[in-house]
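See structure below.
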């Protein structure tokens, strides 16, 4: 079992910033849209527990690297954990990075590579994502 825990801790009208933990160890920062009642493309997803799976580049028309797909989000689909730096780079997805400032996450490619490497090292299956607001 692979457990990802996302703790959202900084909220602005432009974004939501948090920290992502992998099996209890902090692995990277996150950036999402602000909460806008779970509206498609402009809101982060609700707090909760979700199943996640690896998604290969051949499954995507836009991502040419392995990323993660969050499954069974209420009233939403195609929620990913992927690269990006600002809320303009996400349509309701979760961006990963290392280092943050107001409404920005840095070093996204490095963070994504590290996250995927660790997930694959742990077997790449049975992934849970728990999202909580601080």
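The values are calculated or read from the model by the stated rules, or taken from the named source; none is laboratory data. All figures in this text were calculated on a predicted structure; none of them were measured in a lab. Every residue, glycine as well, gets a Cβ built from its backbone with ideal geometry; the counts of neighbours run over all protein chains shown.
In the range 78-105, the residues that are free of Cβ contacts under 8 Å to residues at least 24 places away in the same chain and at positive phi reach residues that are surrounded by 19 or more Cβ atoms within 10 Å (Cβ to Cβ) and part of a strand (DSSP E or B) with C-beta atoms within less than 8 angstrom, at least six apart or across chains, in these pairs: 78/69. Considering the range 42-65, and only residues there that are at pLDDT 95 or above and either in contact with a helix residue (DSSP H, G or I) (Cβ under 6 Å, 6 or more places away or on another chain) or assigned to a loop (DSSP other than H, G, I, E, B) (or both), the residue that is surrounded by the fewest Cβ atoms within 10 Å (Cβ to Cβ) turns out to be 47. Anything in the range 115-134 that is assigned to a helix (DSSP H, G or I) and over 13 Å from the mean Cα position of the chain (by Cα)? List them, or say none. If the condition is that a residue be assigned to a helix (DSSP H, G or I) and over 13 Å from the mean Cα position of the chain (by Cα), then 117, 118, 119, 120, 121 are the ones that fit. Note on the range 10-39: residues that are surrounded by fewer than 15 Cβ atoms within 10 Å (Cβ to Cβ) and either in contact with a strand residue (DSSP E or B) (Cβ under 7 Å, 6 or more places away or on another chain) or under 26 Å from residue 126 (Cα atoms) (or both) total 4.
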